[in-house]
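Readers should treat all values here as calculations from the given coordinates under stated rules, not as data from a laboratory. Note that the coordinates shown come from a computational prediction; the quantities given were computed from them, not determined experimentally. Neighbour counts run over all protein chains shown; Cβ positions are idealised from the backbone, glycine included.
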Amino acid sequence: MREGLLVRLTADPLDPTEALAFAADPSAGGTVLFSGTVRDHSTAGEVTRLEYEAWDERALQGLEAIGEELFGSWPVRKVAILHRVGRLEIGEISVLVCCSAPHRAEAFEAARHGIERLKRDVPIWKKESLASGESEWVMGS
């Protein structure tokens, strides 16, 4: 894996300070952190929790490929892409995408592209548990 790129799938809670510390670089004038959290509702109704599953090997390859794409498309200095798996409660962080770059616009654009690609292309699936007692798999973004 490229130096300056951190990717991880984990059942452990995600720490935004870890992603920010990893992305810190003296040549970066901007660092953007996107933090995705479990919300209490969806189009299906009131959500009580989420459960994430991943095809680990392919998901990690996908996260690395996104990181490489960010390095190839923007002058990013460092990139961290971290995703949870397993059961998450309302308010818990499910994903972090952190990019540092010489200027804020580049950091924002890279981070946004990173999360959009992750949601669209990486084999990580979520199941919503609803207050009604039903559960449903949600595909894509």
Going residue by residue through region 18-32, the Karplus relation 6.51 cos²θ - 1.76 cosθ + 1.60 with θ = phi - 60° gives ³J(HN,Hα) values, rounded to whole Hz and with x marking Gly or Pro, of 5, 5, 5, 5, 5, 6, 4, 8, x, 8, 8, x, x, 10, 10
Once the dipole of the chain is set up from charges on Cβ (+1 Lys and Arg, -1 Asp and Glu), the residue from the list Leu118, Val76, Trp137 lying farthest towards its positive end is Val76
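Taking the highest mean first, how do the peptides 75-87, 104-116 order by number of other beta carbon atoms within 10 angstrom per residue?
Details: 75-87: 21.9, 104-116: 18.9.
Ranked by mean Cβ neighbours within 10 Å, highest first: 75-87, 104-116.
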Dipole magnitude of region 1-93 about its Cα centre, charges +1 at Lys/Arg Cβ and -1 at Asp/Glu Cβ only, in debye to the nearest 20?
200
Whose amide H sits under 5 Å from the amide H of Gly30, counting only residues 5 or more places off or on another chain, with H placed in the peptide plane?
Ala101, His103
Given a Förster distance of 30 angstrom, what is the FRET efficiency for Ser73 paired with Glu51, based on the Cβ-Cβ distance and rounded to 0.05?
0.40
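Whole-Å semi-axes of the chain's equivalent ellipsoid, largest first, each the root of 5 times a Cα gyration tensor eigenvalue?
Numbers: eigenvalues 159, 43, 32 Å².
Rounded to whole Å, the semi-axes are 28, 15, 13.
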Per DSSP H run of n ≥ 4, the term is -39500 (n - 2.57); total these for the chain, divide by its residue number, and report the mean residue ellipticity at 222 nm rounded to 500 deg cm²/dmol.
-10000 deg cm²/dmol
Tilt relative to the chain, helix 104-121 - C-alpha long axis, 0 to 90 degrees, to 10
40
So the label point goes 7 Å from the Cα of His41 along Cα→C-beta, right? Which residues of region 118-132 then have their backbone N under 14 Å from it?
131
Pull up all non-local amide H partners of Ser94: gap of 5 or more, or a different chain, and H-to-H distance under 5 Å with H placed in the peptide plane.
Gly36, Thr37, Val38
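Report the relative contact order of the chain, percent, no decimals, based on alpha-carbon pairs under 8 angstrom and at least 6 residues apart.
Values: 314 pairs, mean separation 49.7, N = 141.
It comes to 35 percent, rounded to a whole number.
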